[in-house]
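To keep things clear, I will list the structure first and then write my remarks on it.
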Amino acid sequence: EGNMVFHEYMRSLPTPHNKIINEIAQQCKVTNITVYRWARGQVKPNALCRSLIAKVLNMDEGELFPAN
């Protein structure tokens, strides 16, 4: 199945993820550390950042951040 939540998607990318992490951090106006926490699934970004992340990754927000 094609559905991949954000932290799984980030884990699937070739390393390093710096470019994507930087891009998301800039768009969401947060530190890279914060984005790494989101990418590890430790913390969930707020609604605005979830939509910005979906835009950056060109993916569906509901797929990246399912409403469990």
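With θ taken as phi - 60° and the Karplus curve 6.51 cos²θ - 1.76 cosθ + 1.60 applied, the whole-hertz 3J(HN,Hα) list for segment 27-38 is 4, 8, 6, 10, 7, 4, 4, 4, 5, 4, 5, 4 Hz, x standing for glycine and proline. Taking 7 Å steps out from each Cα toward its Cβ at GLN27 and THR15 produces label points 2.3 nm apart.
Here each label is just a point 7 Å from Cα along the line to Cβ, and for VAL43 and GLU61 those points are 2.0 nm apart. Could you work out Rg/(2.2 N^0.38 Å) for the chain, with Rg from alpha carbons only? After normalising by residue count via 2.2 N^0.38 Å, the value is 0.99.
For the chain, a crude dipole built from +1 on the beta carbon of Lys and Arg and -1 on the beta carbon of Asp and Glu, taken about the Cα centre, is about 340 debye to the nearest 20. Of the solvent-accessible surface of the chain, computed with a 1.4 Å probe and all protein chains present, 50% belongs to carbon and sulfur. The figure for LYS55 is an accessible area of roughly 150 square angstrom, using a 1.4 Å probe on the protein chains alone. Protein heavy-atom accessible surface, 1.4 Å probe, per residue over the chain: 67 Å².
The values are calculated or read from the model by the stated rules, or taken from the named source; none is laboratory data. All of these numbers come straight from a predicted model, not from anything done at the bench. Cβ coordinates were reconstructed from backbone atoms using ideal geometry, including for glycine residues, and neighbour counts include every protein chain displayed. Surface areas here come from the heavy atoms of the whole protein model, side chains and all, with no ligands, DNA or RNA. Shrake-Rupley method; radii C 1.70, N 1.55, O 1.52, S 1.80 Å.
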